[in-house]
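Here the structure comes first, spelled out in structure tokens, and everything after it is commentary.
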Amino acid sequence: MSDWHFYEPRDGHRLPHDPFNAIVAPRPIGWISTVSATGAHNLAPYSFFNALNYHPPLIGFSSTGRKDSLANAEATGEFVWNLATLGLADAMNASSATVDADVDEFALAGLETAPSRLVAPLRVANSPVSFECKVTQIVRLTTKEGTELDQWFVVGEATGIHIDTAMLEDGVYQTARARPIMRGGGPADYFSIAEEQLFRMRRPA
């Protein structure tokens, strides 16, 4: 029989570290580029991020506090998601630094930029996939009692998608080939995907 550790989050987890992030993991990284209304470019990773819908393709990231990415997305209605990979891990981490709104994280992280086609924010040139997004919703999250949190969920429709053709084989995108990285629990845990981790299951008929 299993021995269970049970807790109610409102009362604390009674563990050395909060397990929530480590359990809901690994999580895709929302590496979000935006531009302010005055033209200042911003790039930041978000660990609460995922795909939300097929048609139209919707993705979303959640911001703790009113950070620059949120403010810029609100002001311009646009953002770009860039795939964070193993080769770009150090640069992605560097772009997470807390700096003033007028600091360009592309330059801070030593990243080359590439122009987008349909939106103003720049892309990470060496990222193998980028989604150009138009904001569809910005939702302030609440507790079960309805108390507003300092947490904001930004949803965007991918209106333009860039894929490095090296990631395609016979026209099929190869998920592991880019070596995407994902956030784990704790202050420093990340994971990557490799081809040997692939297994296949088909849905029941």
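Bear in mind that the values in this text are calculations on the coordinates, not laboratory data. Model, not experiment: these values are computed from the prediction. With ideal geometry, Cβ positions are generated from the backbone for all residues, glycine too; neighbour counts draw on all protein chains shown.
From the phi angles alone, apply the Karplus equation (6.51, -1.76, 1.60; θ = phi - 60°) to segment 19-28 and give each ³J(HN,Hα) in whole Hz, x where the residue is Gly or Pro.
x, 3, 5, 6, 7, 7, 6, x, 10, x
As an exercise, identify the GluC sites (Glu not before Pro) in segment 117-205 lying in DSSP coil whose Cβ has no more than 11 other Cβ atoms within 10 Å. List each step's numbers first, then the result.
Values: sites: Glu132, Glu145, Glu148, Glu157, Glu169, Glu195, Glu196; in loops: Glu145.
Those that pass, being in a loop and sparsely packed, are Glu145.
Suppose a student asked you for the relative contact order of the chain, using Cα pairs under 8 Å spaced at least 6 residues apart; what percent would you report? Write down the numbers at each step before the final one.
Working: 414 pairs, mean separation 47.6, N = 205.
Dividing the mean separation by the residue count of the chain yields 23 percent.
Return the loop-located trypsin sites (Lys or Arg not before Pro) in segment 76-165 (DSSP other than H, G, I, E, B) with at most 14 other Cβ atoms within 10 Å of their own Cβ; answer none if there are none.
On the way: sites: Arg117, Arg123, Lys134, Arg140, Lys144; in loops: Arg117, Lys144.
In loop regions of segment 76-165 (DSSP not H, G, I, E or B), the sparsely surrounded trypsin sites (Lys or Arg not before Pro) are Arg117, Lys144.
Just in segment 1-107: which trypsin sites (Lys or Arg not before Pro) are loop by DSSP and have at most 10 other Cβ atoms within 10 Å? Display every interim value, and only then the final one.
On the way: sites: Arg10, Arg14, Arg66, Lys67; in loops: Arg14, Arg66, Lys67.
Those satisfying the criteria are Arg14.
Three principal axis extents, largest first, for the C-alpha atoms of segment 11-65, in Å?
46, 31, 18
What is the local net charge at Arg66, summed over the other residues whose Cβ is closer than 13 Å to its Cβ (Lys, Arg +1; Asp, Glu -1)?
Details: positive: Lys67, Arg140; negative: Asp68, Glu74, Glu148, Asp150.
Once all neighbours under 13 Å are counted, the net charge is -2.
Just from its helices, what would the mean residue ellipticity at 222 nm be for the chain, if runs of 4 or more DSSP H residues each count -39500 (n - 2.57) and the sum is divided by every residue, rounded to the nearest 500 deg cm²/dmol?
Details: 4 runs with 23 residues, N = 205.
It comes out at -2500 deg cm²/dmol, rounded to the nearest 500.
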